[in-house]
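Here is the structure we will look at, set down as structure tokens.
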Amino acid sequence: MTSLPTAATESGLPNTYDAGEVEPRLYARWKEAGYFRPQASSSGRSFSVVLPPPNVTGRLHMGHALTATIEDCLVRWHRMRGDDVVWLPGADHAGIATQIMVERELEREGSSRRELGRGPFLKRVWEWKETHSGLIDRQHERLGASLDWERYRFTMDEASSAAVREAFCRLHEDGLIYRAYRLINWDHKSQTALSDLEVEHRETAGKLWHIAYPVAGTEEQLVVATTRPETMLGDTGVAVHPDDPRYQHLIGKRVVLPLVGREIPIVADSILVDMEFGSGAVKVTPAHDFNDFETGKRHDLEVVQVVGWDGNICSPAPAPYRGMSIQQARSAVLAALEDTGALVRVEDHKLSVGVSQRSGAVVEPLPSTQWYVKTAPLAARALDAVRSGETTIIPESRKAEYYRWMENIHDWCVSRQLWWGHRIPAWHCAACQEITVAREDPANCEHCGSDRICQDEDVLDTWFSSGLWPLTTLGWPAQSKDLDRFYPTSLMETGWDILFFWVARMMMLGLHLRGEVPFRTVFLHSMVLGPDGQKMSKTKGNVVDPVELIDEYGADALRFYLCTMAGQDAGIVFSRARVEGYRNFCTKLWNLARFTSMHLGGYDADGFAARLATPAGLAELGPSDRWILSRAVETSVEVGELWTNWRLDLAAHCAYQFVWRELCDGYVELAKQDLRADAGRRARSVTQGVLATVLDMVLRMLHPMIPFITEEIWQWLPKPSDAAESLMLASYPSVTSWREQDDAGEGTHAITMAGPFEAVGEFLAARETREARDDVKRLNELVSAVRMLCAESRVPAGKRVAVCMRAPNAELRASVERIRTRAVFVGRFASYKLLEEGVAADRSSASAVIGGGIEVFVPLAGLIDVAEERARLDRERAKKEKELVAVSRKLENEKFLARAPLEVVEKEKTRRVELEASLAKLRSMRERLQT
RNA sequence: GGGCGCGUAACUCAGUGGUAGAGUGCUACCUUCACACGGUAGAAGUCGCAGGUUCAAGUCCUGCCGCGCCCACCA
């Protein structure tokens, strides 16, 4: 066995765990050893995940950290289960975002991309990409992400670009890509069109202006209501409702557009116009409003564009307004209208303004020719795939959102007037005006053969290449082994904010291009909010940097915290206190390991493993050993089941509670007795073995969540000689075979587990094991009761007290006897006496009743605070009486007896008996103190 | 306008119709030989509000209040 290097010395582990030293060292070693590469499967299953590619020049934020933690946890778990696992990293060129950053830099230099020209600008972006890329990859490494870096992809590398081109050509051939002249969302700051999704709607307080348009050739006026008066400069019609009695006589006539003087028609349109709203007459500006554009088509109205590509008013608007910004033009138009008396009314009105997600610019609807993906046929298949269960979306509530969006999907505008991205593989012919779409750059027009062709200037939406990502990362369109081996991928884990942007597009493109869904399960997590519950933002100053948290608390602490948040459906309000709590847990685990290391002198791991496999060996186990081993088995199975059900939060909690409450607080305290130098050799060696074995199991069950500290400890831990060389490769302790022995008729299970303790079936079913669990529970209750009595009576800490008990039956008396030595040791009792029937306890005892009706007395002559003790007993009695009333009321209710399930009724009856017995004892204890 | 989610201890969160939980914080005591990033004991809740279903509701149903999010071309 080759061991990983470790900071632990021969004599044991260092006093403190130094995450800053351990984490990079172990990560480098794992990476070098090739553990992140897929391994031939021993389970016959494969598990593949594609990491959502972060922006190539991005930095790790909490969302990335959450994604990577959840994915790494599941990936490591599957790897430990022997699956053929691959987790694919990569980066996204992030068209607009990256281009904006470089343009900002140019602006600071007093230059611009236009000034530079396309070629030099792109060179500049590539340089920027080179200098700023890789940071987030290294940050993912710091988090411990076991990504297969050898399969790294960038959306603009050669293979990805080839995939994009193939996809575009295929879709074009299949009639799913087309060009169209219609209104688009124009971001004048970035100088590009945007898809509907890239436009965020912000509710704003606005106004509704009523403007009078004179009807041509009459004295009449037609009043229209608008939220955007400046667009009137481009009005080419006014619409009224065909059924509106107010305006019947005006339909077909014309109005004179104020400030412009143009005559435009009055049309009747029942789709656009709501008679109840505003004045019931709507100005129609086909060039600058999506509804108006459609209305214009219905009535053959002109499209007059008065807002230019720079976002300012342009010709053919009247000269005074040209060059003005929208805001300036609005003020100017309103002032002019006011002067002429055309502005008849102003109301407050709320409206939503479209804003570019990336640049923040107010988006202007403008008419333009763009490339579109026809989504209806793609969406139909993507819907079916989820409906039929080929792909499962978790949580369920997001599935409904997916359906709703897919069912109402619009065609996808995929062309962007940017330079940074995949250039559209289409060539325009100057001779015949036709377009040639081709996989290889053509020299001639495929329609007329002319060589006067030039490539389309536009690039594709970034999400087009992202939408191919599961295909691209596995080698598509080439016939790759990886594709056969890992497609469809097993899991897509990401934030629900990109369900439509990304997940939906991958579904559509994957299904169309490969004929199969890109992933079997979509697991969506929520957004991480700042500590104040607000969305994290620089301006609010509530941004939490995961890398800083790693520096401060270690990657494991952050990961454990994020695991506990994985199931949150509402936003995740960041809590530093909890990260700190999990750092404390790591320290606790470290100290558990240190404790173990101090007591393993002479321990023979191979020998102990062999003994555990035999009945004689099992027979040597004491009650506490049986208890902790059985609980360790149970807990690791439970944790695995919780992961299967996507409950990482409960899995983390379950493992945490077991390690701290049961193993550290419970078993270690018991074990100290047998580990003392003066203890018997035999007892010592069994306890050493159990401690080492349980610690081994605990490290395995925790490793997927907190990989670093568990590996560091595991490397030191003495293990059987056939153990794996890294915890990453060790088996997860899950049930590997489960056979019911019906013929024996005893209902015992032959269960085998992977891990250090294999043949657990007989052991778990044994009477001794079940008895041991009861005994340990009793022991804990007893010790707690005595401690409580001492604390309440202010017995000086460290003072040993005598303990007397009275047990109501032979079974309990036997149990009390069995736990005698361990209870005396753990509780530091001065003596331990089981009172005979009818023998009264010392008059000046503090007393309590524990489970099963065992009475516990602590004689405290001279120490007992009688008043305090009376008060405590009264409180206790009042509590039990209240419970008894509730239980009795239930049991006296005939409907309850008749309708509640039998076992519930039985439980209540038992409880009543127990409560009555406890109360009787409490009353007599109280009476003793009366005098 | 439509839809979704969340309101549980001071804070961050679990909770499967059947005795309200964890971590942090708080109080008291303890420098007990793994760990003060620790130990022991304790206090702390009208489970947002109001109805309803049920033998039984934190849990299921309806309405309301508060917070957050998504979708939507209502001038």
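The values are calculated or read from the model by the stated rules, or taken from the named source; none is laboratory data. These numbers come from a predicted model, not from an experiment. Every residue, glycine as well, gets a Cβ built from its backbone with ideal geometry; the counts of neighbours run over all protein chains shown.
What number of residues within segment A:660-691 are buried (at least 23 other Cβ atoms within 10 Å of the Cβ) and among the hydrophobic types (A, V, I, L, M, F, W, C)?
Step one: list which residues in segment A:660-691 are buried (at least 23 other Cβ atoms within 10 Å of the Cβ), which gives A:663, A:667, A:670-671, A:674, A:687-691.
Applying the additional criterion that residues be among the hydrophobic types (A, V, I, L, M, F, W, C) yields A:663, A:670-671, A:690-691.
Residues in segment A:660-691 being buried (at least 23 other Cβ atoms within 10 Å of the Cβ) and among the hydrophobic types (A, V, I, L, M, F, W, C): 5 in total.
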Residue count, segment A:341-361 (criterion: touching a Ser or Thr at 6+ places or on another chain (Cβ under 8 Å) and closer than 15 Å to A:His210 by Cβ)
1
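Hey, can you tell me all the residues within segment A:347-362 that are part of a strand (DSSP E or B) and either surrounded by 13 or more Cβ atoms within 10 Å (Cβ to Cβ) or of a type in the set (Phe, Trp, Tyr) (or both)? If you could, list the steps in order and put the result at the bottom.
Quick first cut of segment A:347-362, residues part of a strand (DSSP E or B) only: A:347-356, A:362.
Hits for segment A:347-362 are A:His349, A:Leu351, A:Val353, A:Gly354, A:Val355, A:Ser356, A:Val362.
If I ask for residues that are assigned to a loop (DSSP other than H, G, I, E, B), of a type outside the set (S, T, N, Q) and crowded, with 18+ Cβ neighbours inside 10 Å, which ones from segment A:263-284 would you list?
Let us first name the residues in segment A:263-284 that are assigned to a loop (DSSP other than H, G, I, E, B), namely A:269-280.
Adding the requirement that they be of a type outside the set (S, T, N, Q) leaves A:269, A:271-278, A:280.
Answer for segment A:263-284, where residues must be assigned to a loop (DSSP other than H, G, I, E, B), of a type outside the set (S, T, N, Q) and crowded, with 18+ Cβ neighbours inside 10 Å: A:Asp269, A:Leu272, A:Val273, A:Gly278, A:Gly280.
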Can you find, within segment A:272-294, the residue that is nearest to A:Val346 (Cα to Cα) among those that are within 7 Å of RNA strand B (Cβ to nearest atom) and among the aromatic types (Phe, Trp, Tyr)?
A:Phe277
Please name all residue pairs, on different chains or six or more residues apart, with Cβ atoms under 8 Å, provided the first residue is in segment A:290-303 and is in contact (Cβ under 8 Å) with a residue 60 or more places away in the chain and the second residue is among the hydroxyl-bearing types (Ser, Thr, Tyr) and more than 9 Å from RNA strand B (Cβ to nearest atom).
A:Gly296/A:Thr236; A:Leu301/A:Thr236; A:Leu301/A:Thr295; A:Glu302/A:Thr236; A:Val303/A:Thr236
What's the number of the only condition in (1) more than 9 Å from RNA strand B (Cβ to nearest atom); (2) part of a helix (DSSP H, G or I); (3) without any contact (Cβ under 8 Å) to a residue 40 or more places away in the chain; (4) of a type in the set (Asp, Glu) that A:Glu837 fails to meet?
(2)
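Give A:Gly63, A:Gly82, A:Gly119 a once-over and let me know the one that is at negative phi, in contact (Cβ under 8 Å) with a residue 40 or more places away in the chain and among the small types (Gly, Ala, Ser).
Working: A:Gly82 fails: at negative phi; A:Gly119 fails: in contact (Cβ under 8 Å) with a residue 40 or more places away in the chain.
So the residue among A:Gly63, A:Gly82, A:Gly119 that is at negative phi, in contact (Cβ under 8 Å) with a residue 40 or more places away in the chain and among the small types (Gly, Ala, Ser) is A:Gly63.
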Selection from segment A:754-796 of residues within 16 Å of RNA strand B (Cβ to nearest atom) and acidic (Asp, Glu) yields A:Asp774, A:Glu781, A:Glu792
Looking only at residues that are in contact with a His (Cβ under 9 Å, 6 or more places away or on another chain) and part of a loop (DSSP other than H, G, I, E, B) in segment A:221-235, which one is nearest to RNA strand B (Cβ to nearest atom)?
A:Thr227
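Kindly indicate whether A:Val547 is farther than 30 Å from A:Met701 by Cα, of a type in the set (A, V, I, L, M) and surrounded by fewer than 23 Cβ atoms within 10 Å (Cβ to Cβ). Break it down into steps so the answer makes sense when it comes.
On the way: farther than 30 Å from A:Met701 by Cα: no; of a type in the set (A, V, I, L, M): yes; surrounded by fewer than 23 Cβ atoms within 10 Å (Cβ to Cβ): yes.
Considered against the rule, which asks whether it is farther than 30 Å from A:Met701 by Cα, of a type in the set (A, V, I, L, M) and surrounded by fewer than 23 Cβ atoms within 10 Å (Cβ to Cβ), A:Val547 comes out as no.
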Of the residues in segment A:644-669, those that are over 19 Å from A:Arg76 (Cβ atoms), near RNA strand B (Cβ under 10 Å from one of its atoms) and in contact (Cβ under 8 Å) with a residue 24 or more places away in the chain number 7
What number of residues in segment A:279-303 are over 16 Å from A:Thr227 (Cβ atoms) and among the aromatic types (Phe, Trp, Tyr)?
1
Filter result for A:Val344 (at pLDDT 90 or above and of a type in the set (A, V, I, L, M, F, W, C))
no
Please indicate, with yes or no, whether at least one residue in segment A:623-641 is within 16 Å of RNA strand B (Cβ to nearest atom), within 30 Å of A:Val522 (Cβ to Cβ) and surrounded by 21 or more Cβ atoms within 10 Å (Cβ to Cβ).
yes
Applying the selection to segment A:70-116, what residues are within 30 Å of A:Val459 (Cα to Cα), part of a strand (DSSP E or B) and of a type in the set (A, V, I, L, M, F, W, C)?
A:Trp87, A:Leu88, A:Ala91
Does A:Trp496 fit the bill of being under 30 Å from A:Val522 (Cβ atoms), surrounded by fewer than 21 Cβ atoms within 10 Å (Cβ to Cβ) and hydrophobic (A, V, I, L, M, F, W, C)?
yes
Residue count, segment A:363-390 (criterion: exposed (fewer than 15 other Cβ atoms within 10 Å of the Cβ), within 27 Å of the chain's Cα centre (by Cα) and not polar (S, T, N, Q))
3
If I filter segment A:605-621 for residues that are within 15 Å of RNA strand B (Cβ to nearest atom) and buried (at least 17 other Cβ atoms within 10 Å of the Cβ), do I get at least one hit?
no
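Any chance you could count how many residues in segment A:369-424 are among the polar types (S, T, N, Q), more than 16 Å from RNA strand B (Cβ to nearest atom) and not in a loop (DSSP other than H, G, I, E, B)?
Within segment A:369-424, the subset among the polar types (S, T, N, Q) is A:369-370, A:375, A:388, A:391-392, A:397, A:408, A:415, A:417.
Those left that are additionally more than 16 Å from RNA strand B (Cβ to nearest atom): A:369-370, A:388, A:391-392, A:415, A:417.
This time we only want the ones that are not in a loop (DSSP other than H, G, I, E, B), so: A:369-370, A:392, A:415.
Within segment A:369-424, residues that are among the polar types (S, T, N, Q), more than 16 Å from RNA strand B (Cβ to nearest atom) and not in a loop (DSSP other than H, G, I, E, B) number 4.
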Among the residues of segment A:872-903 satisfying the criterion of being loosely packed, with under 12 Cβ neighbours inside 10 Å and hydrophobic (A, V, I, L, M, F, W, C), which is nearest to A:Glu855 (Cα to Cα)?
A:Ala878
Subset of segment A:23-45 that is over 16 Å from A:Ser146 (Cα atoms) and touching a residue at least 12 places away in the same chain (Cβ under 8 Å) - its residue that is surrounded by the most Cβ atoms within 10 Å (Cβ to Cβ)
A:Ser41
If you go through segment A:8-22, how many residues are within 16 Å of RNA strand B (Cβ to nearest atom), surrounded by fewer than 16 Cβ atoms within 10 Å (Cβ to Cβ) and at pLDDT below 80?
2
Right, A:Ala917: more than 8 Å from RNA strand B (Cβ to nearest atom) and touching a helix residue (DSSP H, G or I) at 6+ places or on another chain (Cβ under 7 Å) or not?
yes
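Does A:Trp463 count as under 27 Å from A:Arg114 (Cα atoms) and in a loop (DSSP other than H, G, I, E, B)? Give the derivation first.
Details: under 27 Å from A:Arg114 (Cα atoms): yes; in a loop (DSSP other than H, G, I, E, B): no.
No: the conditions fail for A:Trp463.
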